[in-house]
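> One structure coming up, written as structure tokens, with questions to follow.
The values are calculated or read from the model by the stated rules, or taken from the named source; none is laboratory data. Keep in mind it's a predicted model, so treat the numbers as computed, not measured. Cβ atoms come from the backbone with ideal geometry, glycine included; neighbour counts cover every protein chain shown.
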Amino acid sequence: MKIIRYQEAQGKITYAQQTEQGTFDLEGDPYTSLKATSKKSEIFKLLAPIVPTQILCIGLNYRKHAEECGAPIPERPVLFVGSSRI
């Protein structure tokens, strides 16, 4: 099953299934269950398949960056969690 996430012209965001016969809306969400429908998708804009809720970031990941920040060069990468606000 080829699954896409898209936005309709009216702004609604939904999932759909691409088949040889066309693209049809799906009900539900990809984390629990998706059910096929016979409703043809009206794609206005393709979107990323999922929206991340957290992003793992690495800071001071190269020597020059640490020097620019005036920070000591760490023995291990500095990890921090960013937040997705899409």
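> For the range 13-26, which residues satisfy the criterion of being surrounded by 11 or more Cβ atoms within 10 Å (Cβ to Cβ) and out of contact with any strand residue (DSSP E or B) (no Cβ under 7 Å at 6 or more places or on another chain)?
Answer for the range 13-26, where residues must be surrounded by 11 or more Cβ atoms within 10 Å (Cβ to Cβ) and out of contact with any strand residue (DSSP E or B) (no Cβ under 7 Å at 6 or more places or on another chain): just Thr19.
> Kindly provide the set of residues from the range 37-86 that are touching a Lys or Arg at 6+ places or on another chain (Cβ under 9 Å) and not β-branched (Val, Ile, Thr), ordered by number.
Hits for the range 37-86 are Leu46, Leu47, Ala48, Pro49.
> Still on this structure: Filter the range 27-73 down to residues that are aromatic (Phe, Trp, Tyr) and free of Cβ contacts under 8 Å to residues at least 24 places away in the same chain and give me whichever is surrounded by the most Cβ atoms within 10 Å (Cβ to Cβ).
The extreme case among them is Tyr62.
> Okay, next question. Restricting attention to the range 12-57, and to residues there that are modelled with pLDDT under 90 and not in a strand (DSSP E or B), which single residue is farthest from Val78 (Cα to Cα)?
Across the range 12-57, the extreme among qualifying residues is Thr32.
> From the residues in the range 58-85 that are part of a strand (DSSP E or B) and closer than 30 Å to Thr14 by Cβ, which one is modelled with the lowest pLDDT?
Ser83
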